[in-house]
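The values are calculated or read from the model by the stated rules, or taken from the named source; none is laboratory data. If you're wondering where the values come from, they're calculated on a predicted model, not measured in any experiment. Cβ: placed from backbone, ideal geometry, glycine included. Neighbour counts: every protein chain shown. These area figures cover heavy atoms from the full protein model, side chains too; ligands, DNA and RNA do not enter into them. Shrake-Rupley method; radii C 1.70, N 1.55, O 1.52, S 1.80 Å.
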Amino acid sequence: MPAFDDDIFFATASELNQKLRAGEFSAKELARAFCDRLEKLGPRYNALALSLREFAVRKADDVDDELKRGRFRSPLQGVPFGAKDLLSFAGQPTAWGARPYAGQVFDYTATVLNKLDRAGAILIGKLSLVELAGGGGYRYAAASVTGPGLNPWDRSRWSGGSSSGSGSAVAAGLVGFALGSETSGSILTPAAFCGVTGLRPTYGLVSRYGAMALSWTMDKIGPMCRSAEDCGLVLQVISGGDSNDPSSAGKSFYYAPQYTRKFKDLRVGYAPVDFDEWAESSSRPAFAQALEVVRGLGVSLVETSLPDFPYSLVTGTIISAEGSAVFEPLIASGKVDQLADQKQIAGLKAGLDIAAKDYLKAMRIRSRIQQALRRLFVGVDMLLAPARSGPASKVSEPLDARRDRPDAKSRGLRDLIQAGNLAGLPAVSLPCGFDEGLPLAISLVGRPFTENMLLAIGREFQNQTDWHRRRPPG
Amino acid sequence: MPRKLTRRDLAAALAASVPALASPRAVPAKAEEDELLAAARAQVLKNAGRLAASEIPMATEPAFLFKA
């Protein structure tokens, strides 16, 4: 077996695939090397929920046979990957990050995993998450059966949630890429905190069949990778209509960033207040530099801000009402008390008290938000903001601890995560620098089904910078 | 796709997947639980008040059949 070094573990998916096709090593050797690394280092970051070594090696054997016969399936063929442990994989435990569901086994496989299997990608493990994707609201990073997600850049910091293990595993070179899911920030936040590239697809573009439901009207599944290019390659495989998912938009995605509009014709909306006031003061230089890189791509930067709506209130009400309805049997059984985070337990129980009129009011305001954002996107092609206002928080710090910052002069795009999720808009998170040795990221949000445009900007941003290529220590 | 899981496989997988099960979970005081639940319920009521205060045109329909 060849000796694999960090250049392999931190290669992009497309680079790994090229090396496999060139015969530099076999898919089986690569799968074994990644399994070794995931099993050895995954627990160090509390990132591993379940190793699938046996399955992975068998699958890699099949891939090697195909490569020998010259059957090339996709640019992901032979690439080892991990999946957030809320995606079912037939016959294997899917714990949803929660003690009451430990040992839960489904007899069917999530559509996204079947699609990746057909593309020749090799699932090597299930990755940890915040219990039940954090739907009840949680106070501590430790809200998971696998413990707090630890950040590979500094293990005293959180990896972000709820796709904690997906973020850590990609950042630490334990998988070639990973799948995460987002209801409101669960891909963008760990991607930003861990310094990887995350893509939240348009609502309905990727089937959720076989995924744990938290909020039927807001859940999305998306890739977390080493580059924008890889996100495009993975999205191409996992997108598409699915009659098993009632929310499916019935659309496919073909990664073709070269055919998007010329950058000089693109208007990118941003709010100076996000960079000058909302961002943590020590992070501002990196964010300002990233803004200049984007400007240097030739786009027009246009000052803008979000329309005035109670985004957090609406998001919280919808997720709480839908999440508590999803988990009503868990609450009624009393097993909800086995969850790790007391605030999450209380939030799920209290969510059952939300009146129908309040849920409907939130959904009516959501309609207004969608209309207002459509109008906003008449004047801009995409929105740009810091993905998070600063680097990852300390693992020991309560997540609801308010950071002491003065009120800013205007709203800016501060609530972009909630607004984008309420409207089902696609977004990409791009590493853009460091603060105290911890990654920072910017996010781009576009109109529905404009993933290629976001990825085109992301790819060019990453051609101009090397933040996405940086590796965490040790 | 995957083969059928044997009982031995399942036991091994469970042992690997839930290490935290082996360690006792800190049991919070009942008072703390009650306090958190009361706070969460109070927040639901507060949110209801804020939603009621948000004025929107009567013709606005909920984002029921939501498509991006």
Positions within segment A:154-170 being more than 9 Å from A:PHE193 (Cβ to Cβ) and among the hydrophobic types (A, V, I, L, M, F, W, C), in sequence order: A:ALA169, A:VAL170
Tell me, which residue of segment A:102-130 that is surrounded by 20 or more Cβ atoms within 10 Å (Cβ to Cβ) and among the small types (Gly, Ala, Ser) is farthest from A:ASP353 (Cα to Cα)? A:GLY120
Quick test for you: out of A:ARG267, A:ARG295, A:ARG284, A:ARG261, pick the one residue that is within 30 Å of A:SER74 (Cα to Cα) and of a type in the set (D, E, K, R). A:ARG261
Only listed residue being farther than 19 Å from A:SER166 by Cβ and either within 14 Å of chain B (Cβ to nearest Cβ) or touching a Leu at 6+ places or on another chain (Cβ under 6 Å) (or both), chosen from A:ARG32, A:ARG58: A:ARG58
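Residues checked against (1) touching a Phe, Trp or Tyr at 6+ places or on another chain (Cβ under 9 Å); (2) part of a strand (DSSP E or B); (3) free of Cβ contacts under 8 Å to residues at least 60 places away in the same chain; (4) of a type in the set (Asp, Glu):
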| residue | (1), (2), (3), (4) |
| --- | --- |
| A:ALA169 | yes, no, no, no |
| A:SER181 | no, yes, no, no |
| A:ALA192 | no, no, no, no |
| A:GLY204 | yes, no, no, no |
| A:SER215 | no, no, no, no |
| A:MET218 | yes, no, no, no |
For A:ARG295, only one of the following conditions fails: (1) open to solvent by 20 Å² or more (accessible area, probe 1.4 Å); (2) under 24 Å from A:GLY420 (Cα atoms); (3) touching a residue at least 12 places away in the same chain (Cβ under 8 Å). What is its number? (3)
Failed condition for A:ALA133, given (1) more than 14 Å from chain B (Cβ to nearest Cβ); (2) open to solvent by less than 10 Å² (accessible area, probe 1.4 Å), with all others met? (2)
Using the structure shown, decide if A:ASN452 is touching a helix residue (DSSP H, G or I) at 6+ places or on another chain (Cβ under 7 Å) and within 14 Å of chain B (Cβ to nearest Cβ). no
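Mind listing whichever residues of segment A:254-273 are polar (S, T, N, Q) and open to solvent by less than 40 Å² (accessible area, probe 1.4 Å)? Walk me through how you get there before you give the answer.
Going through segment A:254-273, the residues polar (S, T, N, Q) turn out to be A:258, A:260.
Passing the criteria: only A:THR260.
Conditions (1) open to solvent by 10 Å² or more (accessible area, probe 1.4 Å); (2) closer than 25 Å to A:PRO310 by Cα; (3) of a type in the set (Asp, Glu); (4) at pLDDT 95 or above, marked per residue:
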position	(1), (2), (3), (4)
A:GLY390	no, yes, no, yes
A:PRO426	no, yes, no, yes
A:PRO439	no, no, no, yes
A:GLN462	yes, no, no, yes
Selection over segment A:95-119 where residues are more than 30 Å from A:ASP64 (Cβ to Cβ) and out of contact with any Leu (no Cβ under 9 Å at 6 or more places or on another chain) yields a count of 1
For segment A:29-67: of the residues being touching a Ser or Thr at 6+ places or on another chain (Cβ under 6 Å) and acidic (Asp, Glu), which is nearest to A:ALA172 (Cα to Cα)? A:GLU39
Could you go through segment A:398-407 and let me know if any residue there is on the phi > 0 side of the Ramachandran plot and either open to solvent by less than 30 Å² (accessible area, probe 1.4 Å) or at pLDDT below 95 (or both). no
Among (1) more than 25 Å from A:PHE177 (Cα to Cα); (2) at pLDDT 95 or above; (3) open to solvent by 10 Å² or more (accessible area, probe 1.4 Å), A:PRO246 falls short only on (2)
Could you please let me know if A:LYS394 is at pLDDT 95 or above, surrounded by fewer than 19 Cβ atoms within 10 Å (Cβ to Cβ) and not acidic (Asp, Glu)? yes
Of the listed residues (A:GLY125, A:GLY120, A:GLY185), the one being more than 11 Å from the chain's Cα centre (by Cα), part of a loop (DSSP other than H, G, I, E, B) and at pLDDT 95 or above is A:GLY120
Looking only at segment B:44-58, which residues are open to solvent by 80 Å² or more (accessible area, probe 1.4 Å) and at the interface with another protein chain (Cβ under 7 Å from one of its Cβ atoms)? B:ARG50
